[in-house]
Amino acid sequence: VVSNAEYGSSGINAEYGGTCSGLICTILFQPLDLLKTQLQMKNVQSLSGIMRSMVSAKALHEGSVLKAWWVGLRPSLARTIPGVACYFATLSQLKQMHGGELTPLSAVGVGALARTLTVISIQPLTLVKTRYESGKYGYRTISGAMKDILVRDKLTGLYRGLVVTIARDAPFSGLYLAAYTQMKTKAFEDPDSVLSTTVSGLTAGFLASLVTHPADVLKTRIQIAAGRGKIRSTATSIYSNRCNGVV
């Protein structure tokens, strides 16, 4: 999908490819996303402890183990499918407007701008997804979750954590696109081979995640907070309590 968007496919093709990619990846990796959210929550320290609770005797007896691993799948799909499609369509248009091959610096700018626009459009669904995965709010439907947020915090409540989400996603996409394009074109003889695409994607994703992970922890903490979480106070609390969100 990245390859198509990168090398000048139309916005329609990029949007279609992005939608299909988002659907498949969200279903496959939702359990890992759930574990990440649980680890980033306050007072949750152990990955093994979380996994044990999800396969507890009670869960085994009730036959809910498999379901427990895909908590939050519905809001994830509702967020990811249009979000990925929007990102790749926007990315394709921005690259066409830029013209020529992207330099590392321009790739960072184009990727960050495309992601920022996407984040703003899907932020309410991102908030609902995080709260679903936290298990603190007991939401049963996406519409019910949004109604509850609107009643409690008005319209601005749907955009809680927007700034820190942009601080996570915009640098991630910019760094990812820059690292991905540079590795594909300079580290491999055939930039379109399966090997070059896979290795470049994994490496770029790892580096971008490493840089933006602190913002990801902040986003989770702010969005699951019952009150009006502030970036500075939340960051100070994480540091002072030495809560570790890195697996």
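Before moving on, here are some points about what is shown:
- Matching residues, segment 78-129, being assigned to a helix (DSSP H, G or I), β-branched (Val, Ile, Thr) and either more than 19 Å from residue 182 (Cβ to Cβ) or out of contact with any Leu (no Cβ under 8 Å at 6 or more places or on another chain) (or both): 80, 81, 84, 90, 116, 118, 119, 120, 122, 126, 128
- Matching residues in segment 172-187 - criterion: being open to solvent by 50 Å² or more (accessible area, probe 1.4 Å), modelled with pLDDT under 90 and in contact with a helix residue (DSSP H, G or I) (Cβ under 8 Å, 6 or more places away or on another chain): 187
- Where a residue in segment 28-50 is under 16 Å from residue 136 (Cβ atoms) and at pLDDT 70 or above and its partner, wherever it lies, is β-branched (Val, Ile, Thr) and part of a helix (DSSP H, G or I), with Cβ under 6 Å and at least six apart: 37/220; 38/50; 40/217; 40/220
- For segment 131-178, the tally of residues that are at positive phi and of a type in the set (S, T, N, Q) stands at 0.
- Options 209, 240, 196, 143; residue that is open to solvent by 40 Å² or more (accessible area, probe 1.4 Å), over 22 Å from residue 83 (Cβ atoms) and either not hydrophobic (A, V, I, L, M, F, W, C) or not in a helix (DSSP H, G or I) (or both): 240
- Here is the figure for segment 106-133: residues that are open to solvent by 40 Å² or more (accessible area, probe 1.4 Å) and either modelled with pLDDT under 90 or of a type in the set (Val, Ile, Thr) (or both) total 2.
- Tally, over segment 212-237, of residues that are part of a loop (DSSP other than H, G, I, E, B), modelled with pLDDT of 80 or more and over 18 Å from residue 34 (Cα atoms): 0
- Within segment 192-210, if we keep just the residues that are touching a Phe, Trp or Tyr at 6+ places or on another chain (Cβ under 9 Å) and without any contact (Cβ under 8 Å) to a residue 24 or more places away in the chain, the residue that is nearest to residue 107 (Cα to Cα) turns out to be 200.
- For segment 149-166, the set of residues classified as open to solvent by 50 Å² or more (accessible area, probe 1.4 Å) and assigned to a helix (DSSP H, G or I) consists of 150, 151, 152, 155, 156, 159, 163, listed by residue number.
- Pairs with Cβ under 8 Å, 6+ apart, first in segment 111-132 and under 19 Å from residue 222 (Cβ atoms), second basic (Lys, Arg) and buried (at least 23 other Cβ atoms within 10 Å of the Cβ): 122/79; 125/79; 126/79; 127/160; 128/79; 129/79; 130/219
The values are calculated or read from the model by the stated rules, or taken from the named source; none is laboratory data. In this text the structure is predicted, and so the values were computed from the model without any measurement. All Cβ positions, glycine included, derive from the backbone under ideal geometry; neighbour counts span all protein chains shown. For the accessible areas, the whole protein counts, side chains as well, though only heavy atoms, and no ligand, DNA or RNA atoms are used. Shrake-Rupley method; radii C 1.70, N 1.55, O 1.52, S 1.80 Å.
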